[in-house]
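The values are calculated or read from the model by the stated rules, or taken from the named source; none is laboratory data. Given the structure is predicted, the values throughout are model-derived calculations rather than measurements. Positions of Cβ are backbone-derived with ideal geometry, glycine not excepted, and every protein chain shown enters the neighbour counts. Only protein heavy atoms, including side chains, enter the accessible area calculation; ligands, DNA and RNA are left aside. Shrake-Rupley method; radii C 1.70, N 1.55, O 1.52, S 1.80 Å.
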Amino acid sequence: MNYFRCENPDCGYMAEEEPDVCPRCGGTFFLSLPEEELTGADWVQLGNRAVDEDKGTEALACYQRAAALDDLLGLTNLAWCLESGTGVPADPTQAVLLYAQAAARDYLPALTNLGYCYLSGTGVDRDPAKALECFRKGAEKGFPRAQFLLGEMYRRGDGVDQGDQEAAKWYQSAAWLGYPAAQTELGRCLEFGTGIAKHLSQAVKWYTAAAEQGHAPGQCCLGFLYESGQGVDQSWAEAIRWYRAAAEQGYPRAQCNLAWCYEHGEGVEQDLEAAVRLYRAAAEQEYPRGLLCLGLCCERGRGVPVDKTEAARLYRAAAELGDEDAMCCLGYLYEVGEGVEQSWTEAVSWYRRGAEAGSVRAQGNLAWCLENGKGTEQDFAQALAWYRKAAEQGDARGLFSVARFYDYGLGVEQDAAEAVRWYEKAAAAGSAAAMCDLGVCYERGEGVEQSWEKAAELYRKAADRENAAGQCNLGFLYEIGRGVEQSWTEAVKWYGAAARQGMPRAQCNLGWCYEHGKGVEKNEKRAVHWYAEAAEQGDARGLFCMGVCAKRGIGVERDPAQAVAWYEKAVEAGSVPAMCNLGVCYENGEGVAEDLTRAAELYRMAAEREDAAGQCNLGYLYESGRGVEQNWGEAARWYKAAADQGYSRAQCNLGVCCEFGRGVAKDTAKAAWLYRKAAEQGDPVGACNLGYLYETGVGVAQSWADAVKWYTQAVEAGSARAQYNLAWCYEHGKGVPQDPVRARELYAAAAEQDYEGAREAADRLAGAGGKKGGFLRGLLGGGRKDR
């Protein structure tokens with residue numbers, strides 16, 4: 001059999017049949033050679049072509065012919081066939097023997113392959129020391145693959161002390177000799193400053209050298225630098241070009257990077273189906289990131305139908321290959337029970353594996369489980385430790401959580417200053433929640449000097465990032481005019497922004513604005529809408545406000561029974577005001593059967609939670625002996641608790657106790673002081689009682705002028721008793737000029753409220769034509785002195 005060789009001495013292309021044109025150099029002249037005249041190099045060339053054409057048996061035969069002609073490359077390639085099972089069942093042990101034969105004759109490719117067998121334990125026991133010996137010998141003789149593999153051993157610290165500088169040195173030697181894998185690794189060293197000074201433009205140079213030789217990892221690395229604009233001008237087009245070149249070679253990292261570009265429409269038109277195809281190609285190679293990203297597509301329905309079960313399978317496959325993000329994703333599916341049966345124990349198990357592997361998200365999720373006792377015992381100290389690990393990686397959530405633990409003293413001693421320090425770090429890392437909470441610290445002066453302006457600034461930063469709490473807090477500052485110019489319009493704007501995000505506190509605040517026409521046109525139906533939005537989330541204040549609206553007929557039909565139903569729910573949710581209001585319903589039989597014992601229970605619940613109205617109401621039940629055994633001492637005690645909070649009705653009631661010595665030592669001066677406190681808040685009973693003390697000179701110096709002053713204030717608030725008492729002053733010219741007409745008007749006003757004796761007094765003056773008289777009746781009649 002004859003073969004044909006291209007006559008071009010720089011080509012030497014061999015063919016079994018004479019071609020018209022040489023496919024290698026384009027020449028047209030060929031020499032015919034009988035089979036017996038072929039050299040070992042000719043047989044190697046024919047064998048290599050057979051490998052390229054996937055003709056393993058022919059390749060093996062060619063290499064055997066080359067080896068028989070004592071061609072060392074042919075012998076080495078024959079060993080490779082035995083190692084890889086090309087054209088023959090794999091026999092790594094025989095391969096090692098053949099590599100050793102060629103290596104013994106200082107054939108460097110064979111020596112390097114022999115070293116690789118020792119390194120990987122192929123055909124021999126794994127022996128890094130012998131591998132190192134082979135690689136070093138080949139490297140020192142200038143064989144680039146040996147230099148590259150020697151660099152790899154130094155990079156990994158395998159069989160030799162780990163040394164990035166030594167690794168970079170050997171990569172560099174091989175790179176200059178044109179070995180593409182070494183060029184890529186040298187590029188990585190230059191990109192990250194590993195073992196050599198960081199130099200991005202030089203990294204680009206070496207990645208390009210490898211990429212232009214068709215080295216897929218180099219192409220992918222070059223694509224990433226174009227994507228990120230490091231060492232080159234940012235170019236999505238160039239990034240896509242190089243990712244595609246590597247992906248078409250089946251390089252899974254490039255397939256994932258190109259898929260990401262298709263998924264997000266960067267550098268190419270968005271095509272979710274194309275993204276899925278590429279992720280799947282990487283996944284089929286068991287590339288962890290490909291499995292993870294394909295799982296994410298299945299979980300979210302991006303490019304494929306939603307399939308949580310398949311997502312779980314893919315996450316598990318990636319997790320078992322060591323992908324920490326997949327561990328976290330699988331943990332989350334166990335947490336929520338999607339694609340797998342819900343299990344906090346399994347969730348914690350996967351979160352822990354991911355956390356220990358370094359996943360920031362898994363560290364945060366594991367910490368949350370430890371904080372809340374989900375799937376594990378509650379352990380604040382361990383939760384803090386994991387949040388801190390995430391924080392040490394610059395994770396905003398971790399930084400914020402560490403701050404929160406110091407703020408509330410969870411797993412660590414409470415430390416406001418330390419909390420502020422961590423909040424500042426978290427805010428700098430972009431945590432909107434930290435910006436908001438840091439604003440709270442400035443608002444309250446906790447851990448920092450109090451500053452309304454700084455609080456407003458931080459709330460605004462959080463609000464601009466759609467943080468609902470920040471929006472609500474900024475709205476409140478606009479409402480009260482602290483740190484910003486007071487503006488109900490701005491308050492409503494920010495309350496609305498937070499309310500639309502579903503924040504109950506903001507929904508209630510916005511409802512209040514609509515109810516009272518602050519910053520918006522008054523609209524009680526809109527108020528009820530927002531209260532209801534909060535109530536539907538089980539918010540205590542929202543439930544309470546719905547009860548108030550139902551009881552008073554605000555925005556809805558008045559319905560005492562419905563009010564009771566809302567109050568009951570609000571009480572279950574922990575609303576203290578609802579405890580008091582529900583107590584009033586039971587006391588008065590409004591919307592529910594009268595039950596004074598239940599009223600007392602509810603008032604006590606509110607009172608023990610520092611609710612002033614509840615304390616005052618409980619005091620009144622003790623005063624009157626309704627629902628509880630009558631006890632002036634207990635009445636005075638609860639009145640005092642409420643009075644100390646500035647509750648005007650309780651101040652007035654405690655004043656009565658002091659005036660008459662009921663449950664406390666009699667102290668008319670203290671009574672006057674308490675009446676004055678209540679009156680100064682606009683309480684009409686307090687004002688009337690204080691007026692009477694001035695009239696009688698009890699606890700204060702007698703003064704008709706002051707008596708008239710306080711009666712007048714109480715009259716303006718509609719007090720019937722004050723109307724009667726002031727009428728008497730006008731009738732008799734006490735503290736004011738005598739004026740029977742004005743006296744008759746005031747008696748008539750009191751009579752309209754059915755005040756005892758007022759109608760008779762008005763009629764008397766009308767019958768007397770406005771003349772003087774009736775002093776004793778005015779002094780003693782009509783219960784004017786009653787409280």
Using a 1.4 Å probe on heavy atoms of the protein chains only, the accessible area for Thr39 in Å², nearest 10, reads 60 Å²
Where does each of Thr28, Thr86 land when they are ordered by accessible area, with a 1.4 Å probe and the largest first? Thr28, Thr86
Give me the compactness ratio for the stretch 240-364, meaning the Cα radius of gyration over 2.2 N^0.38 Å. 1.06
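Which value, in Å², gives the accessible area per residue of the chain when a 1.4 Å probe is used on the protein heavy atoms? Provide the component values of the computation, followed by the final result.
Numbers: 35670 Å² over 787 residues.
With all protein chains present, the chain gives 45 Å² per residue.
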Tell me, Kirkwood radius of the stretch 305-351 from alpha-carbon pair distances, in Å? 10.1 Å
Of 310-320, 64-74, ordering from highest average Cβ density within 10 Å down gives 310-320, 64-74
Could you pull out the pairs from Lys425/Lys454; Lys493/Lys551; Lys454/Lys522; Lys198/Lys389; Lys518/Lys569; Lys141/Lys198 whose alpha carbons sit more than 21 Å apart here? Lys493/Lys551; Lys454/Lys522; Lys198/Lys389; Lys518/Lys569; Lys141/Lys198
Excluding same-chain residues fewer than 8 positions from Lys709, which aspartates and glutamates have a Cα within less than 17 Å of its Cα? Glu680, Asp683, Glu695, Glu731, Asp739
How big is the dipole moment of the stretch 417-489 about its Cα centre under a simple scheme where the beta carbon of each Lys and Arg is +1, that of each Asp and Glu is -1, and everything else is neutral? Debye, nearest 20, please. 120 debye
Rounded to the nearest 10 Å², what accessible area does Asp683 have for a 1.4 Å probe in the complete protein model? 20 Å²
As a test question: what accessible area, to the nearest 10 Å², does Lys198 have when a 1.4 Å probe is rolled over all protein chains in place? 130 Å²
In Å, what is the Rg of the alpha-carbon atoms in the chain, and how long is Dmax? 44.9, 155
I'd like the Karplus ³J(HN,Hα) series for the stretch 488-503: coefficients 6.51, -1.76, 1.60, θ = phi - 60°, whole numbers in Hz, and an x wherever there's a Gly or Pro. 5, 4, 5, 4, 4, 4, 6, 4, x, 4, 6, 4, 5, 8, x, 7
For n ≥ 4 DSSP H runs only, could you compute -39500 (n - 2.57) per run for the chain, divide by its residues and tell me the 222 nm figure to the nearest 500? -21500 deg cm²/dmol
Once phi is turned into θ = phi - 60°, what whole-Hz ³J(HN,Hα) does the Karplus curve with 6.51, -1.76 and 1.60 give for every residue of the stretch 96-108, x standing for Gly and Pro? 4, 4, 5, 4, 5, 4, 5, 5, 4, 9, 6, 7, 5
Karplus ³J(HN,Hα) for the stretch 469-478 (6.51 cos²θ - 1.76 cosθ + 1.60, θ = phi - 60°; Hz, whole; x = Gly/Pro) runs 5, x, 5, 5, 5, 5, x, 5, 5, 5
Given a 1.4 Å probe and heavy atoms of the protein chains only, how would you sort Asp437, Asp644, Asp667, largest accessible area at the top? Asp644, Asp667, Asp437
On a 1.4 Å probe surface of the protein chains, which of Lys205, Lys709 comes out largest in accessible area, and what is the full order? Lys709, Lys205
Degrees separating the helix 180-192 axis from the principal Cα axis of the chain, which is the longest one: 30 degrees
Straight-distance crosslink candidates among aspartates and glutamates, where the alpha carbon sits under 17 Å from Lys525 and sequence neighbours closer than 8 are dropped: Glu515, Glu533, Glu536, Glu557, Asp559
Heavy-atom accessible area of the chain with neighbours in place, 1.4 angstrom probe: carbon+sulfur share in percent works out to 47 percent
Find how much the distance from Ala669 to Leu321 grows on full extension, using 0.36 nm per residue of separation minus their present alpha carbon separation; answer in nm with one decimal. 117.0 nm
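Out of every Cα pair in the stretch 1-110, what percent are spaced more than 22 Å from each other?
Tail of the P(r) past 22 Å holds 35 percent of the pairs.
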Extent of the stretch 580-640 along each principal axis, from alpha carbon coordinates, in Å, largest to smallest? 31, 22, 12
To make sure I understand the rule: partners must be lysines, Cα under 21 Å from the Cα of Lys666, and not fewer than 8 residues away in the same chain. Which ones qualify? Lys640, Lys677, Lys785
Amide H within-cut-off set for Tyr3, under 5 Å, with H built and near neighbours excluded: Leu33, Glu35
List the residues of the stretch 478-503 whose backbone N lies under 19 Å from a point placed 7 Å from the Cα of Glu338 along the Cα-to-Cβ direction. none
Convex hull over the Cα atoms of the stretch 472-598, averaged projected area in nm²? 7.5 nm²
Compactness summary of the stretch 175-224: radius of gyration and Dmax from Cα atoms, Å, are 9.3, 26
